[in-house]
Amino acid sequence: MNGREAAFLALIKFERGKTYINLALNEVFSKNDVSELERSFATELTYGCLKNRLLLDYVISRFSKIKIRKMSAQVRAILEIGAFQIIKLDRVPDSAACDESVKLARKFAGRSRGFVNGVLRSLCRGKNNIAYPDRADDEAEYLSVMFSFPKWMVERFISDYGTETCEKILAAANEAHPPYIRQNRLKKRDNFIELLKADGIEAEPDPEIEGCLKVYGSLNISKSDTYKNGLYTIQNRSSQSAALALEPKPGMFVIDMCAAPGGKTTHIAELIDNRGEIRAFDVHEHKIGLINAAAERLGIDIIKAEARDASVADSELVGKADRVLLDAPCSGLGVIHSKPDIRWTRKDSDIDELVKIQRKLLDAAAKYVKRGGIMVYSTCTILKAENERQTEWFTDKHRDFKLVSQKTLLTHETGGSGFYIAKFVKE
């Protein structure tokens, strides 16, 4: 199977709402014979089409008499794959993009191959003369189309950060970003970078975060002995900052409110030298196994993971925790660079519901913290409604907590994911 067909099948699976795009792509690869080269091309096409969907649909609509919403999912996906190659991939000849798209149409949308051919040929001829939205007329509409973000997201970013920073946020979300890993402090090796090289992994230490490394090129943990032996964990540099803000010490009792899949939980365990006790909660039963598996691989035995609704406080643990981490469910708008599906699955109306959930979790988390203890509230979003305004609400309601620090990490400034971290002390 070639890369274009694999990308098409993955996009259709995503469109039908059955899975996340990364899982859809992996499923296609697992069920079909796709070479490494074609897998790479399929991944580029799939993520490129999702990241640029709104722009691609806008361009297609300039040359199609049929509206996008009236097209079948198959025809739309084929046109998006073709249009992406024509307007974004200079190395692919326009003729090849058209011809291969017609082949896809012949196989998956036979009666529409003439339509697909006509739209893409017209795009090839007119791609340099497309009338895009006028920025002066509607700034948000212009940014929405050109960076392919839902307009409601753009309007929220403009409201929170201003137009200039908003544009930088959108641009950074469309760029490829290197993965980061966290060296296991419990299995520390002085020759760690050399061991990574033996696994075919090129990495360099982060200048600000101890034990954090930026990876260059691909990272295939299935072929990495250093990963299997528990020498590192894949974790974004911004995410690593959350556990560090908690300042845990050996022997402490720590609660991780929303722990799965266990990245921050295991980081805390490493920071306290696997001495103390960590209670890790997650509402999903099937995710508890992920936490336990991560702990076992890393050589950690102080984590007790359990399935529970963290918004309902456990009366037996009230006032007993030295440290509490609440990495709350959120809109995820800080990780769109790695999860482009969020653009099209998240709705503006979701934000108010998430704010309510976060407040319930904050109320519960506050009950666990002992006097003099520390609580950290973090999210992987950059919306102030879920971050700074939640912190204001919390300190107004819980007068026994003092805000020590808060920071918003933006991708274009740090190179990591968009993230928010607030640190409180119970006085």
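Just so it is clear, none of the values below were taken in a lab; they were calculated from the coordinates. None of the values given here were measured: they were computed from a predicted structure. Reconstructed Cβ throughout: ideal geometry from the backbone, glycine too, with neighbour counts over all protein chains shown.
Values for this structure:
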quantity: Segment Lys402-Ala131, extension gain: residue separation times 0.36 nm, minus the distance between their alpha carbons; calculated: 92.3 nm
quantity: Cα-derived Rg over Rh, computed across region 3-129 with Rh taken as Kirkwood radius; calculated: 0.94
quantity: Dipole of the chain, positive end: most advanced residue of Leu55, Ala97, Leu362 [Cβ charges, Cα centre]; calculated: Ala97
quantity: Largest-first principal axis extents, alpha carbons of region 251-403, Å; calculated: 42, 37, 24
quantity: Per-selection metrics, region 209-279 (Cα): Rg and Dmax in Å; calculated: 13.1, 39
quantity: Once exposed loop trypsin sites (Lys or Arg not before Pro) are cut out (DSSP; at most 11 other Cβ, 10 Å), longest piece of the chain; calculated: 92-187
quantity: Electrostatic dipole magnitude of region 3-129 [Cβ: Lys, Arg +1; Asp, Glu -1; Cα centre; debye, to 20]; calculated: 740
quantity: Principal-axis tilt of helix 350-368 within the chain, Cα atoms, nearest 10 degrees; calculated: 20
quantity: Restraint check, Lys304/Lys367; Lys197/Lys339; Lys304/Lys339; Lys168/Lys356; Lys356/Lys423; Lys287/Lys360, Cα-Cα greater than 23 Å; calculated: Lys197/Lys339; Lys304/Lys339; Lys168/Lys356
quantity: Under 19 Å from the Ser72 label point (7 Å along Cα→beta-carbon), backbone N, region 118-148; calculated: 118-120
quantity: C-alpha long axis of helix 94-108 to longest principal axis of the chain, angle in °; calculated: 80
quantity: Globularity index of the chain, i.e. its alpha-carbon radius of gyration over 2.2 N^0.38 Å; calculated: 1.07
quantity: Rounded to 10°, Cα long-axis angle of helix 113-126 versus longest principal axis of the chain; calculated: 90
